[in-house]
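Step one of this worksheet: look at the structure below.
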Amino acid sequence: MFETAGSLLTVDQLRQQGRAAGRVASSLNYDNLARSFDLNGGEIGAYATYLNGGLFVDTLFKADFLTLDSKADLGFPGSINSNTFGVRTDTGYRFGGFHGGPFIEPLATIAVAWADLDSFSLGGNRVSFDNDPNVRGRLGLRLGTDYPVWTGTTMEPFVIGSVWGNLSGDNHATLTSTGTDFEFTDNVDNAWGVVSTGVNFFNTSANTSVFAKLDVTFGDNVDGFGGKAGMRVTW
């Protein structure tokens, strides 16, 4: 989903709806532990966009159906299924850039996800995971510019700086062994930063948009890189 929808449109008000689908392929490897996992599956979703002058509100509903596979005999089952349902709303206001040139956008985000991760038993022990909702929020700022690159197509490079915060509790798992419950807690960061850079290409006459984006995440207990690319066609 674009960081901002329909930036080049000059109508006073606009509402759009659409559908999305995709595939997830991810690997997790530890530097100092002999553990490695693959996460694969599909995702479907729907989105709605509201524009009014410089104001934009993008809401995305998404469902992920994933399988976590262990790549070695680590005491885990061969695979665990996970289903996640979530909603995310991004909103902001664009100053400048409607007819070419630089722009600035203050941004805000709220996201809620409900995850259902399979429990499993091994050697008379049972592990189960909580399914409490995860709530996250963001405040950010996007800077960019747009200019025509060829007939009918506009290029929009941008950079984004964001501060994210965890607005819900920690993650929990329960190990039941010989009738006794042991609770394990994953203390997630309360705040972390994300710096992003990317580019959008808009062709309003063809009702087509293409985007690419790179994210760098950093915090007390988290560091990572991520990227995404895609196309939106309106009909």
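Worth pointing out:
- The chain - percent relative contact order, Cα under 8 Å, separation 6 or more: 11
- Among GLY100, GLY123, THR174 - extreme Cα towards positive end, dipole of the chain, charges at beta-carbon: GLY100
- Percent carbon-and-sulfur accessible area, the chain, ignoring ligands, DNA and RNA, probe 1.4 Å: 57
- Dipole magnitude of the chain about its Cα centre (Cβ charges: Lys, Arg +1; Asp, Glu -1), debye to nearest 20: 860
- Among ASP118, ASP64, ASP181, the residue with the largest mean-square fluctuation in a Gaussian network model of the chain, with springs joining Cα atoms closer than 10 Å, is ASP181.
- Over region 118-235: Kirkwood hydrodynamic radius from C-alpha pairwise inverse distances, Å: 18.0
- Vicinal HN-Hα couplings computed from phi for region 54-60 (Karplus, 6.51 cos²θ - 1.76 cosθ + 1.60; Hz; Gly/Pro x): x, 7, 9, 9, 10, 10, 10
- Å² of accessible area per residue within the chain, as computed with a 1.4 Å probe and no ligands counted: 58
- Using a Gaussian network model of the chain in which every pair of alpha carbons under 10 angstrom is joined by a spring, one finds that among GLU43, GLU156, GLU183 the greatest mean-square fluctuation is at GLU183.
- Largest GNM mean-square fluctuation among THR153, THR208, THR185, using the chain with Cα springs under 10 Å: THR185.
- Cα point-scatterer Debye curve for the chain, base-10 log of I(q)/I(0) at q = 0.16 Å⁻¹: -1.25
- Rg over Rh [alpha-carbon atoms, Kirkwood Rh] for region 31-127: 1.21
- Separation between Cα centres of region 31-51 and region 143-170, rounded to whole Å: 21
- Summarising the amide proton neighbourhood of SER168: residues at separation of 5 or more, or on other chains, whose placed amide H is nearer than 5 Å comprise VAL135.
- Note on SER121: accessible area is roughly 80 Å² with a 1.4 Å probe, heavy atoms of protein only.
- Computed accessible area, ILE160, all protein chains, 1.4 angstrom probe, square angstrom: 10
The values are calculated or read from the model by the stated rules, or taken from the named source; none is laboratory data. Model, not experiment: these values are computed from the prediction. Quick reminder, even Gly has a Cβ in these numbers, built from the backbone with ideal geometry, and neighbours come from all protein chains shown. What goes into the accessible areas is simple: the full protein's heavy atoms, side chains included, and nothing from ligands, DNA or RNA. Shrake-Rupley method; radii C 1.70, N 1.55, O 1.52, S 1.80 Å.
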